[in-house]
1. For a quick check: sort T68, T18 by the number of other beta carbons within 10 angstrom, fewest at the front.
2. Out of residues 5 or more away from I6 or on other chains, whose amide H comes under 5 Å of its own, with H placed 1.01 Å from N in the peptide plane?
3. Please give, to one decimal in nm, the separation of the simple spin-label points placed at S85 and E70, each 7 Å out from Cα toward the Cβ.
4. Suppose each label sits 7 Å from its Cα in the direction of the beta carbon; what would the R166-T18 distance come out to in nanometres?
5. Just to verify a number: FRET efficiency for R100 and L136, C-beta to C-beta distance, R0 = 25 Å, to 0.05?
Amino acid sequence: MDGPVIVSFPGTAQTTRTEVGGKAASLIRMTEAGFPVPSGVVLTTSFFAPWFDAIKASPTWTRLTGATPEAWAPLCDALKARARSLPLTATQHDALGRLRRDLAVPSDAARFAVRSSSPEEDLTSASFAGGYDTRLGVRPDDLEGAVRDCFASSLDVRVLSCKKERGFDVWSPGIAVIVQRQIDSEVAGVAFSLNPLTVHMARCRRGDPRSPRTEGASRRPRVLKDAALHTVAEWVIARAANARPLPPSRLTHL
C-alpha cells in the first residue's frame, strides 16, 4: 500500500484529498485554522485498497462492469454484502488498534460518529450528499462494523449511478472513513450562509441532534438573527477573497 493507512487530527502530517477524501480534508483544514473541530482519526484510501482489490477480483465485479446501469442494483447489493465480510489484513488490524488508541476510548459509554470521506465527496461540482453512509452513536465495540458499513456504501448503486451521471470514473472506487468522538448535543443542525436552492439568507432548522439531516423536523425553521447572518456572510466573503477569516470566537453564538 502507498501512503499512510491512518492519520489523526489535529497534529496530522500533510495529507491530500486523494488520501483522506473531501470531508476529512475539510475537517483537517478547519482544525489547522483554529476552529473547534472534535478530534478524530481517518482511515485513508490506502487502508481500503486491499478490500477494493478483493472486490475487483470477484466474478460479481466482472459482471457489474459488463452490465447496463439498469442491471446494477442486485450486483451492487451482492458486492456490498461481500464487502462487510472481507478479512482484515495484518496492516488493517494494526490500524484499527491504533485508531482506538488515538481516540483514547475511555469506556464503553463513549459514542462515536463514523463517516464516509470519498475523494469525490464535497466538491464544488458534486457533493454525493446522502449517497455514502454515516453511522452515529457507535459504541467502541462496534467501530469495525461501522467502518465496514461506510466502505460498503461506496459500492451502492446510487453512488455508482451518480458517478456515471457526473462523468466520474465508476470503475476506480475509493473511500476513506472518519471516526470522531460524538458530541452529546441537545440541539444540532446544518448552517448555510446562503440557501443553496433559493440563494436567500440562511435559515436554521432545529432537529434531532443524533441525525445529520434535519429535514422533516417538527419545529419550524427559524431565521438567524441579523448579527449572526452578517457574521456568516462576512466570514464567507473573507474566505472567498483569500483574506484573513474572522476568528472562531465570532461564530460561537451560532
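We did not get these values from a lab; they are worked out from the coordinates using the rules stated. Please read these numbers as outputs of a predicted model, since none were measured by experiment. For neighbour counting, all protein chains shown are included, and Cβ atoms are generated from backbone atoms with ideal geometry for every residue, glycine included.
1. T68, T18
2. T44
3. Here the answer is 3.1 nm between the modelled labels.
4. 1.9 nm
5. On the way: r = 18 Å, r/R0 = 0.73.
Between R100 and L136 the formula returns 0.85.
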